[in-house]
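Undergrad: One structure follows; several queries about it will come next.
All of the numbers you see were taken from the coordinates with simple rules; none came from a lab. Here the structure is a predicted model, which means the values were calculated and not measured. Virtual Cβ from ideal backbone geometry, glycine too; neighbours counted across all protein chains shown.
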Amino acid sequence: MNDTPTLKPKMFPVMVGPPGHKVYVPWELISPHEDQAKRNHCGQSFEELAERGGLSARETAAVMSGFSLFDRPRPAMRSDREAWDIIWRCAAEFHGSMGWADFQEAKPEGNDK
């Protein structure tokens, strides 16, 4: 019998669908992009953004792709599906391969707002 507690990875909330619905992405996936997030979101850190509920899929994809929300012209994401395609591509480049289980249902205490 193993009494070692399972550590839950730190997760970042991404708002999806109706208000209050979220998917959580591994913090280690998004944290390298904090400088871009601060540029896009008035200096707010990922900790601050997570406390406020996270980012939308399009905001997350923009941050992970290095796009500014203020520069013109900026790449247009026509849909949340396109944004998730960008997030998946970044995840594959970072981790090699990730499954949906690495994102969904990972709600550690303190990140479930």
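Undergrad: May I ask you to sort K22, K8, K38 by Cβ crowding, counting other Cβ atoms within 10 Å and putting the fewest first?
TA: Details: K22 19, K8 12, K38 16.
So the residues, fewest neighbours to most, are K8, K38, K22.
Undergrad: Another question, if that's okay. Kindly put F70, F94, F46 in sequence by how many other C-beta atoms sit within 10 Å of each C-beta, fewest to most.
TA: On the way: F70 8, F94 14, F46 20.
So the residues, fewest neighbours to most, are F70, F94, F46.
Undergrad: Taking the beta-carbon count within 10 Å as an exposure proxy, list S56, S79 from fewest neighbours to most. Provide the component values of the computation, followed by the final result.
TA: Numbers: S56 14, S79 10.
Ordered by Cβ neighbours within 10 Å, fewest first: S79, S56.
Undergrad: What FRET efficiency do you get for V16 and F70 if R0 is 35 Å and r is their Cβ-Cβ distance, rounded to the nearest 0.05? Intermediate values should be presented prior to the final figure.
TA: Values: r = 24 Å, r/R0 = 0.69.
The value I calculate is 0.90.
Undergrad: List the residues whose amide H sits under 5 Å from the amide H of K22, counting only those 5 or more places along or on another chain, with H placed 1.01 Å from N in the peptide plane.
TA: Amide H to amide H, under 5 Å and 5 or more residues apart or across chains, K22 pairs with V16.
Undergrad: Could you work out how much longer the chain between A92 and S45 gets when fully extended? Use 0.36 nm per residue separation minus the Cα distance between them, nm to one decimal. Provide the component values of the computation, followed by the final result.
TA: On the way: separation 47, 0.36 × 47 = 16.92 nm, distance 2.40 nm.
Separation in residues times 0.36 nm, less the Cα-Cα distance, equals 14.5 nm.
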